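Enquirer: This structure is in structure tokens; I'll ask about it shortly.
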Amino acid sequence: MEHGGRGLSPLLAGVFAAEEQKFDVSGNMFSVGVGMAGPTIIEWGTKAQQDQFLAPILTAEHIWCQLFSEPGAGSDLAGLATKAVLDGDEWVVNGQKVWTSAAHYSDYGVLLARTDADVPKHRGITCILVEMHSPGIEIRPLRQIDGAIHFNEVFLDDVRVPVANTLGPVGSGWGVAMTMLAHERASIGGGGMYSFDQVLTLARTVADTSDPVTRQRLADLYTRFEMLRFLGYRVRTAAERGELPGPESSVLKLVVSGLYEVGGDLLLALEGASGMLNGADAPFGGKFQDLFMGQWAPRIGGGTDQIQRNIIGERVLGLPGEIRSDKQVPFRELPQV
Ligand SMILES: Cc1cc2nc3c(=O)[nH]c(=O)nc-3n(C[C@H](O)[C@H](O)[C@H](O)COP(=O)(O)OP(=O)(O)OC[C@H]3O[C@@H](n4cnc5c(N)ncnc54)[C@H](O)[C@@H]3O)c2cc1C
């Protein structure tokens with residue numbers, strides 16, 4: 001309530017999301033603010049930052065983006081090279097980000113920048129909240145294979161940001177990033193792009209639902225949706241107890257990836273020859289073609305499937321970690337991409 005919300009529980013947030021999904025509502029443009037930046041500011045922000053940033057997220061006045069990935073730093077995010085240097089009471093930021101969803105209509109971005117190159121790569125990173133209309137920011141949209149523009153390149157050239165916008169202590173950006181990524185995985189894991197009912201409607205309209213193979217594939221998909229539902233309850237119950245999203249959000253995200261992969265293929269198979277059509281020519285106006293084409297986004301964004309498996313292997317199953325020979329080496333001494 002103190003941050004402008006309704007003070008309801010994470011479980012009820014899940015109930016709301018499930019109900020919202022039954023309608024054609026696009027809350028996507030607010031998802032980084034509501035699902036990722038907001039919770040991270042609640043965990044790491046000062047009282048002044050919470051007062052300034054949280055309410056406009058809830059009222060949809062401010063749209064947020066995540067300025068993490070770079071051309072040379074994706075899965076190996078700690079290898080990021082964008083630099084922030086202190087000048088009086090301002091950071092001066094230089095570098096390039098890429099794959100920044102929604103940057104072209106965002107008001108603020110959560111930026112990771114290197115502020116100390118003399119310590120190992122995970123330690124010299126600081127998180128800074130950047131006003132996206134600041135002088136020196138150039139945003140170049142990237143058009144995808146499906147024609148849509150979802151993400152961007154963002155160039156930062158002597159961008160000045162007040163030191164008061166530093167989120168968490170200087171040099172603790174990796175911890176802040178882990179918080180935001182766990183929330184991202186949990187919110188991607190919340191699903192949202194399609195429901196089993198839509199698949200069933202399509203199957204009953206265009207396919208033969210008495211065909212045993214079709215029934216088996218539908219049952220497989222239904223089981224995955226149910227797994228997602230129960231995993232979602234588990235994550236939200238943990239949140240209800242005050243626990244932050246942990247490696248279980250990686251499990252959740254992997255289940256969603258599987259849903260898009262298996263579901264995307266099934267949807268077009270159900271359409272038969274019509275699956276080759278697109279747009280207005282295709283069944284349901286091409287909605288399921290869009291889903292098929294979009295299946296790779298959740299399998300990469302927020303950390304790829306392979307990275308989620310690494311996290312689960314190391315942090316859930318306790319398997320030996322990857323060999324990281326650069327862990328103790330100052331960033332400055334690492335070969336730069
Ligand atoms: C739809 C979408 C939206 C996105 N939105 C944003 C955003 O808003 N903000 C942002 O900062 N970023 C965003 N990203 C970027 C995303 O986080 C990165 O693409 C992702 O982390 C992978 O990084 P990369 O593309 O550099 O691939 P790479 O890291 O180069 O990976 C290439 C391949 O190698 C594999 N690989 C790499 N390292 C390992 C390893 N250690 N073990 C096993 N396999 C490995 C990967 O799984 C992948 O298959 C988005 C991406 C997508 C697809």
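Enquirer: Please give the length that would be gained between K47 and N28 if that part of the chain were fully extended, namely 0.36 nm times their separation in residues minus their C-alpha to C-alpha distance (nm, one decimal).
Expert: 4.1 nm is the gain from fully extending K47 to N28.
Enquirer: Modelled label-to-label distance, A18 and D197, 7 Å Cα→beta-carbon offset: nm?
Expert: 1.2
Enquirer: Per residue, how much accessible surface does the stretch 179-316 expose to a 1.4 Å probe? Answer in Å², no decimals.
Expert: With all protein chains present, the stretch 179-316 gives 49 Å² per residue.
Enquirer: Counting pairs of Cα atoms in the stretch 179-316, how many percent are more than 22 Å apart?
Expert: Here the tail beyond 22 Å accounts for 42 percent of pairs.
Enquirer: Let me ask another. Mean Kyte-Doolittle of at least 0.5 plus a Cα span of 24 Å or more along the axis: flag which DSSP H helices in the chain meet both, please.
Expert: Those that pass (Cα extent of 24 Å or more, hydropathy at least 0.5) are 248-271.
Enquirer: Mind checking the full-extension length gain between S325 and T223? Use 0.36 nm per residue of separation minus the Cα-Cα distance, one decimal, nm.
Expert: 32.6 nm
Enquirer: Could you work out which residue, out of N278, N94, N152, moves most in a Gaussian network model of the chain, that is, has the largest mean-square fluctuation with Cα springs under 10 Å?
Expert: In the Gaussian network model the winner is N278.
Enquirer: Roll a 1.4 angstrom probe over the protein heavy atoms and tell me the percent of accessible area of the chain that is carbon or sulfur.
Expert: Reported share for carbon and sulfur atoms: 57 percent.
Enquirer: Related question: Report, in whole Å, the centroid distance computed from the Cα atoms of the stretch 270-314 and the stretch 154-228.
Expert: First find each Cα centre; the distance between them is then 11 Å.
Enquirer: Let me ask something else about it. So between T205 and R123, what do we pick up on full extension, going 0.36 nm a residue minus the alpha carbon distance?
Expert: Computed gain between T205 and R123 is 24.0 nm.
Enquirer: Pick from L317, L268, L228: which is most flexible by mean-square fluctuation in a GNM of the chain where alpha carbon atoms under 10 Å apart are linked?
Expert: L317
Enquirer: Just tell me which lysines come within less than 19 Å, Cα to Cα, of K121; anything on the same chain fewer than 8 places away is out.
Expert: Leaving aside lysines fewer than 8 places away in the same chain, those within reach of K121 are K83, K97, K327.
Enquirer: When only DSSP loop residues count, what GluC sites (Glu not before Pro) in the stretch 1-49 have their Cβ near at most 13 other Cβ atoms within 10 Å?
Expert: E2
Enquirer: Quote the charge dipole size of the chain about the Cα centre in Debye, to the nearest 20; the model charges only the Cβ of Lys and Arg (+1) and of Asp and Glu (-1).
Expert: So the magnitude is around 680 debye.
The values are calculated or read from the model by the stated rules, or taken from the named source; none is laboratory data. What you see is a predicted model; the values in this text were computed from it and never measured. Glycine gets a Cβ as well: all are built from the backbone with ideal geometry, and neighbour counts include every protein chain shown. Ligands, DNA and RNA are excluded from the accessible area calculation, which covers all protein heavy atoms including side chains. Shrake-Rupley method; radii C 1.70, N 1.55, O 1.52, S 1.80 Å.
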